[in-house]
Amino acid sequence: MNNSFIIAGVMGWPVAHSRSPLIHNHWIRQFNLSGAYGFFPVQPNNLESAIRGLQALGLAGCNITIPHKVNAMAYVDWVHPLAKRIGAINTIVVQPDGALHGFNNDGFGYIQSLLDAQPNWRADAGPIAVIGAGGAARAIVVSLLDAGATEIRVINRTHDKAEEFAREFGSAVFSVKWDAREDALTDAALLVNTTSQGMHGEPALDISLSNLPTSALVSDAVYIPLETPLLKEARLRGNRTVNGLGMLLHQARPAFQAWFGVMPEVGAALYEKVAKTI
Ligand code: ATR
């Protein structure tokens, strides 16, 4: 082993369920690179020393996952402006001088997953209904705004949080009361669930799609199961659907490029390999 052996990994707690090692090691093999991507189980009280240790260990960087995405921002030397707006990082890249730079590629992954399903997708095709106002919603709303969205309706069970979104993210973002969620679908071009409702072990998202145009794209940030009850209902009534696996796979691409120097693609073989684990 020499200095060109590149090591990265994912920091989370717990982290054993993460698909990131499968994804990155697939690309390491595909490009015949010298390196490895591992699991870094890091308890919250060790987060700062684990992040500071990246440079000392000679690592290229790491992904940051639950529950560290917000707190990790405090321990890097520089945060990308997009990640600052999102309020969380999911990637750290150790710079040649040892400085730690923080990025958030979740929104990039989300937009790419829509483009995979519909290459001519446009953010300004019509109103966008976003369900939820947590961390996943922040990454998705910011990236939709940057992609040119002109009207985003944030629908959240706790209305105060939806209102905070509207205040924080500007005039294209509107808050919708939970009770009005079905009215907000009437002329929507895109519906996205950012909550954990519909995830394995959770109840389905409580919403009827009967007002949604069948031309609308319906997406879910949840990827376990690949077809949530929301996506199944959408598919059966004729809507095009996008599951959460595309977002997970695509968010990994810019991080891989930063560490290993090659921008990988999400091919059918990788999609199938990861889908088989779900
Ligand atoms: P994440 O970082 O994964 O987005 P989070 O920040 O905890 O997680 O946000 C969870 C989101 O799911 C919130 O918008 C939450 O709504 P509240 O703000 O009302 O808590 C939403 N959520 C969770 N359980 C829900 C449920 N049973 N019905 C509707 N929304 C729910």
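A few remarks follow.
- C-alpha long axis of helix 159-169 to longest principal axis of the chain, angle in °: 70 degrees
- Summarising the amide proton neighbourhood of Leu205: residues at separation of 5 or more, or on other chains, whose placed amide H is nearer than 5 Å comprise Gly198, Leu230.
- Highest average packing first - 48-54, 203-209, Cβ atoms within 10 Å: 48-54, 203-209
- Dipole of the range 107-243 [Lys/Arg +1, Asp/Glu -1 at C-beta], most positive-end residue of Ser196, Ile140, Tyr223: Tyr223
- Charge dipole of the chain (Cα centre as origin; +1 on each Lys and Arg Cβ, -1 on each Asp and Glu Cβ, all else neutral): 500 debye, rounded to the nearest 20.
- In terms of its C-alpha gyration tensor, the range 22-143 comes out oblate, because a/c is 1.5 or above while a/b does not outweigh b/c.
- Anchor Lys276: lysines whose Cα lies under 27 Å away (excluding residues fewer than 8 positions away in-chain): Lys69, Lys232
- The range 107-243 shape via C-alpha gyration tensor axes, a/c threshold 1.5: rounded
- The chain - share of DSSP beta bridges that are antiparallel (%, nearest 5): 20 percent
- Between helix 106-117 and the chain: long-axis angle, C-alpha atoms, 0 to 90°, nearest 10: 60 degrees
- Degrees separating the helix 135-146 axis from the principal Cα axis of the chain, which is the longest one: 80 degrees
All of the numbers you see were taken from the coordinates with simple rules; none came from a lab. Because the structure is a prediction, the values reported are computed rather than measured. Virtual Cβ from ideal backbone geometry, glycine too; neighbours counted across all protein chains shown.
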